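Engineer: Sharing a structure here in C-alpha cells format.
The values are calculated or read from the model by the stated rules, or taken from the named source; none is laboratory data. If you're wondering where the values come from, they're calculated on a predicted model, not measured in any experiment. Every residue, glycine among them, receives a Cβ derived from its backbone with ideal geometry; neighbour counts consider all protein chains shown.
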C-alpha cells in the first residue's frame, strides 16, 4: 500500500571512456551500500525496489525506502521538442520505404536517397534551432542544462550524419570528395560567419581586433573569394604594402579549384595545382611576405605547412577541421581509400596526447575508415536514444551498403535497430502510433512485436479503441481484433450498456459473447416485460445469424413487432416456427406459449388446426420431461400449473374452432 | 497544396475550430482553438495566424500559427465548439463538459463553468463524444447514450434524454433551434425534438442492411433538410431528412473512418472531409448541370446513386446541387488538400477562405487560400 511511483530522471552522457559500456544510474533515496536492490524489466522502463535482505554485519537496518522507482531508459522521447523530430522523421521514413515502387532508375534512386538524407538533416537542424531558442527563454537552470545537453547531442548527431552522407551515400570520388568535406566543415564551423559579420559591420573593419582571425579562418576553410574580399579592405588601408597585398591576391586568385562538372580531368587539375603550389612555395622561399607576418602566415597555410597549421589550433578547434584543411592544401585529389590514413595521422597530430579521443572522435574516425558497422555500433553505445542509429542504418540499408552483415541474433542490423527504436516509442503514452509504421517495415519480427505491443495499449475511449482496431484490421490481425472487441464488449457490459456490448461482439464475430448478451436481453425482458435498446435489436439484419440465441432474440422481437402491428397470422406462424425449428431455447418455451395465449383468445381463428396440434405437441414435450412433484407444491409451481391448465383449455377451444372453420371453408 | 502551412506541436490534435467572425464583416478568421488527446496532460490551446500575432513576424513566418495561450484539460478533448467570440465548450473523455473563457487582454484561458461527470455510467464516468452550441444552448452526447441539453449560466442540466441510444452516439449537430441530429455506432441518423417529451426520436434514418458506424454529421447551412454524414468505411452519405429514411446518395471517399465532414458555411457547394487514412478531401459540387465535362479529379470518387428515391421537386432552380437527382448530370470534383501523409487527420474546420486541420502526426495544417 505504501508503494508509489516515482520518476527518476535519467542523466545520460556520452561515455567518456570508450571501453566503459555500463552507464551507472544512481537512484535517489536508496543507499545501495546498506540495502539490496531488486528490479523488474518493463517494455521500456525498469522498476527498481528495495529488498528485505539485510547484509550480514549490519546492526541496525537502515530506514527502508517505501518507494518503487520507475527508471526510464530513454528519457528523450519525453522531451516535447524532440517529439517533433520523431514525428517529422516518421514521415520521411515512411516516404523512403515506399520508394521502391516509385523510382525505377538507379540514378534517380540515388538522387532520392540523398534527398531523403538531407531532409533528415534539416529536421535535426530545425529541432536544434528550436531547442536553442527555447533554452534562452527558460528560467530554471536545470532545464537549461538539459536543453544544452540535448543541443550538443543533436549537433554531434548532425555532424556524424552529414559525414556519413558524404562518404557513404554520395560516395564522392577523388576531387569532389574534398569539396564535399569542405562543405561539411564549413557547415559545422559557422561561427566564422557571425564573427565576419561583426567585423564587416564595424566602422573600420581593417582595424577590428578580430580582422585577422576571420581572414585566417576563411583561408583555413578554403573560402578563397571571401578571404580576397576581406583582404582588399586591409590593402586599401595600407598603400605602402600594396605590392605585397597584390601578390597575395594573385596567389589566391590563381588557386585552382576542381570542378567536377567541367571538362578538366583530375590529372590536369593535379598538374595545375602542383604548379600553383610551387609558386606559393617560391614566394615563401624568396621572402616576398617577410615584411608582413600575417600575409606570411597565410602563405604558409597555402603551402600546407603542418607546423603552421597546428599553431592555428584555436581557429581549427577540431582535428577533423585540421584534416580537411591539410587535405585542401596538401592532397586536394585525395581518394576515398586514402582518407583513413590522413584521418588517423591528423587526429594523432592534433590531439598530440593532450586529451584522449572522445567517443565522437572515434565515431568520425571509424567513418573515415569506411567502417559503417563500427560507426553504428559506437553511436548505439554513445547516444542515449535509438532514433539516430535506426534511421541512419535504414538509410544506408537502402543504399545497399549493409547487405553482407548479419547478426547472430534477430534478423539483421537494420531490423534490430528499428525494432528497438519502435519498441521505445510504443512505451510512450502518445507516440505509440508512430511505432506501428516502423514495425510494418521490419519484415521478420515486426509483426510479432506489433502483436505483442498493440494488446497493451490502454483503451480509454471508444475513439481510441477504433483507432487501435483499425491498425489491427488493416493488418489482418484477427486475434488482436477479437481481443480488443472483447475488452470493449466486457467494459460495456460492466457499465450495463447491453446495446454497445452487443455491437462490439458482433464486430468481433464473437458468438459466445453475443449469446451471453442475448441472454441478458431476454432476462431483462422476462423481468420488465419490455425490450430495451430497440433501435439496435430491430436493425440486426444479417448480424442476427452470429449466434442462435441472437437469432432468437431478433426473431422474437420481430414477433412482438408483428403483434403490435396486428399482423396476427404472421405473428402466430413466426411464434410457432421459433419452437418447431428449435431456435428458441427450451427454457423460453413457456414464455412463448404464454405469448400465444392472447392469440388463441382472439375472436377470429389465427392458429390453424395443424398449427394448434403443433403447439399442443410443444406443450406436451415441455411438460412430459418434468417429473410431477407430488408433495409441497410451491407458489411458483402453482402458477406454472395454472398456466398450463389455461393453455390446454385455450388450445382445445382453438382447435375446436379451427376444425369447424376449416371444415366450413372446405365445404 | 502550395499555401498549406504545417506546424508540429508536440501533441496529437483531436479537434480544431476557427473562432467565429462576425458575419457582417468580410474579415477572414485569424484565431483557432485546438484540443489534444492521448497525452499524459492534454491541453486546450488557442493559436493565431493573423498579422497581429505575438511577435513581429518575419516574411517567411507569415501564416505560421503562433500559440496565444493554452490551458490544461482533464481527459482527452473529444470535441470542442465556440459558444461565442470568447467562450469555448469542450467535451472530455472524463464525461465532463467545460466552458472556457478566453481573456484577450491578458492572453489567458480560464474555466468559467464545469459540469463534471455530465455523462456517466451507473458507477463510472462515460466519455462525452460530441458537443454543439447554439448560444445560449449547448447539447452534448456521449458513450452512455445520453443527450444532454445545457444552458449557459444555468448550473443545472436543462434536459436529459436517457437511453437516447443503445450504442455510442458519435456526433451531434443542430438541425433547427429545437431539433438536433445524432449519429451512432450502428449506422443510424436520429432526429430529436426537444419540444417533445419522452425519450424517443422523431425519426430514425439508416442504411438498410449495413450497420456501418457513422462518425460525423453536418447540415447544409442554407437548406436544412440536406445532411451529410461520414462513416467508418469512409463513405460520404447525403441525406434528405424530409423524405424517406434512407440516404439520398453514397460516395466512396476515404479508405478508413471519416472523422469529420463539413459543408462550407457560406459556399455550401463545397464540402470537406477528413479521415483516419490521413487524407483531407475537398469536394466541389457544380450546380450547373449543363456543363458537358464530367470532371472527376483526384481519386476514384465513384458516385453511387441510390435507386428508388424519386423526388419530384417542383422548382428546379431551388434544388441543391447535392440533391440533383441524377448523379450523372451533376458532377463532383474532389481534390486532396494535404501532401501524402500516413497518420489520421482527426479534425478540420473551414471558414471563409481558411482551413485548419489537426493530425495524429502532431501537426496542424493551415491553408488560408482555399479555392471556394
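Engineer: Of the residues in segment A:363-380, how many are touching a residue at least 60 places away in the same chain (Cβ under 8 Å) and crowded, with 17+ Cβ neighbours inside 10 Å?
Structural biologist: The qualifying residues number 8.
Engineer: In addition: Pick from B:293, B:285: which is in contact with a strand residue (DSSP E or B) (Cβ under 8 Å, 6 or more places away or on another chain), at pLDDT below 85 and part of a strand (DSSP E or B)?
Structural biologist: Working: B:293 fails: part of a strand (DSSP E or B).
After ruling out the rest, the residue left standing is B:285.
Engineer: Just one of the numbered conditions (1) over 20 Å from residue A:501 (Cβ atoms); (2) within 19 Å of the chain's Cα centre (by Cα) is not true of residue B:184; which one?
Structural biologist: Against the list (1) over 20 Å from residue A:501 (Cβ atoms); (2) within 19 Å of the chain's Cα centre (by Cα), residue B:184 comes up short only on (1).
Engineer: Starting from residues that are under 17 Å from residue A:584 (Cβ atoms) and assigned to a helix (DSSP H, G or I), keep the ones in segment A:525-540 and report whichever is farthest from the other protein chains (Cβ to nearest Cβ). So that I can check it myself, show each step before the final result.
Structural biologist: Filtering segment A:525-540 for residues under 17 Å from residue A:584 (Cβ atoms) gives A:525-526, A:531, A:537, A:540.
Next, from what is left, pick out any that are assigned to a helix (DSSP H, G or I): A:525-526, A:537.
Numbers: A:525: 14, A:526: 19, A:537: 8 Å.
Per the criteria, the residue is A:526.
Engineer: A follow-up question, please. With the requirement that a residue be surrounded by 16 or more Cβ atoms within 10 Å (Cβ to Cβ) and either at pLDDT below 90 or closer than 22 Å to residue B:11 by Cβ (or both), what does segment A:456-480 give you?
Structural biologist: Hits for segment A:456-480 are A:457, A:459, A:461, A:462, A:463, A:464, A:465, A:466, A:467, A:468, A:470, A:471.
Engineer: Looking only at residues that are free of Cβ contacts under 8 Å to residues at least 24 places away in the same chain and assigned to a helix (DSSP H, G or I) in segment A:438-468, which one is nearest to the chain's Cα centre (by Cα)?
Structural biologist: Per the stated criteria, the residue is A:439.
Conditions (1) within 12 Å of chain A (Cβ to nearest Cβ); (2) within 16 Å of the chain's Cα centre (by Cα); (3) assigned to a strand (DSSP E or B); (4) closer than 30 Å to residue A:545 by Cβ, marked per residue:
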position	(1), (2), (3), (4)
B:190	yes, no, yes, yes
B:204	yes, no, yes, yes
B:211	yes, no, no, yes
B:215	yes, yes, yes, yes
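Results for (1) within 14 Å of chain B (Cβ to nearest Cβ); (2) surrounded by 13 or more Cβ atoms within 10 Å (Cβ to Cβ); (3) at pLDDT below 85, shown as yes or no for each residue.
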| position | (1), (2), (3) |
| --- | --- |
| A:549 | no, yes, no |
| A:578 | no, yes, no |
| A:582 | no, no, yes |
| A:626 | no, no, yes |
| A:632 | no, no, yes |
| A:640 | no, yes, yes |
| A:646 | no, yes, no |
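Engineer: State whether one or more residues within segment B:48-58 are at pLDDT 90 or above, away from chain A (no Cβ under 13 Å) and either part of a loop (DSSP other than H, G, I, E, B) or crowded, with 23+ Cβ neighbours inside 10 Å (or both).
Structural biologist: no
Engineer: I would also like to ask the following. Of all residues in segment B:162-185, which are within 13 Å of chain A (Cβ to nearest Cβ) and out of contact with any helix residue (DSSP H, G or I) (no Cβ under 7 Å at 6 or more places or on another chain)?
Structural biologist: Listed by number, the residues that qualify are B:162, B:163, B:164, B:169, B:170, B:171, B:182, B:183, B:184.
Engineer: Quick check on my filter: what residues within segment B:226-259 are within 12 Å of chain A (Cβ to nearest Cβ) and at positive phi?
Structural biologist: B:234
Engineer: From the set of residues in segment B:221-257 that are at pLDDT 90 or above and part of a loop (DSSP other than H, G, I, E, B), which is nearest to residue B:173 (Cα to Cα)?
Structural biologist: Among those residues, the one meeting the criterion is B:221.
Engineer: Moving to a separate point now. Checking the structure you have, find out if any residue of segment A:608-620 is within 14 Å of another protein chain (Cβ to nearest Cβ), surrounded by 15 or more Cβ atoms within 10 Å (Cβ to Cβ) and outside any helix (DSSP H, G or I).
Structural biologist: No, because not a single residue in segment A:608-620 is within 14 Å of another protein chain (Cβ to nearest Cβ), surrounded by 15 or more Cβ atoms within 10 Å (Cβ to Cβ) and outside any helix (DSSP H, G or I).
Engineer: Would you pick out the residues in segment A:491-508 that are surrounded by fewer than 23 Cβ atoms within 10 Å (Cβ to Cβ) and within 13 Å of another protein chain (Cβ to nearest Cβ)? Please lay out each step first, then the result.
Structural biologist: From segment A:491-508, those surrounded by fewer than 23 Cβ atoms within 10 Å (Cβ to Cβ) are A:491, A:493-496, A:498, A:507-508; that's our starting set.
Selection gives A:491, A:493, A:494, A:495, A:496, A:498, A:507.
Engineer: Another question, if that's okay. Exactly one condition in (1) more than 14 Å from chain A (Cβ to nearest Cβ); (2) surrounded by 22 or more Cβ atoms within 10 Å (Cβ to Cβ); (3) in a loop (DSSP other than H, G, I, E, B) is not met by residue B:271; state its number.
Structural biologist: Failing condition for residue B:271: (3).
Engineer: Looking for something in a helix (DSSP H, G or I) and closer than 27 Å to residue A:316 by Cβ - is there at least one such residue anywhere in segment A:411-421?
Structural biologist: Taking segment A:411-421 as the starting set, the residues that turn out to be in a helix (DSSP H, G or I) are A:413-421.
Keeping just the survivors that are closer than 27 Å to residue A:316 by Cβ gives none.
No; the residues of segment A:411-421 include none that is in a helix (DSSP H, G or I) and closer than 27 Å to residue A:316 by Cβ.
Engineer: Separate question: Please verify whether segment A:420-437 includes one or more residues that are over 11 Å from the mean Cα position of the chain (by Cα) and within 14 Å of chain B (Cβ to nearest Cβ).
Structural biologist: yes
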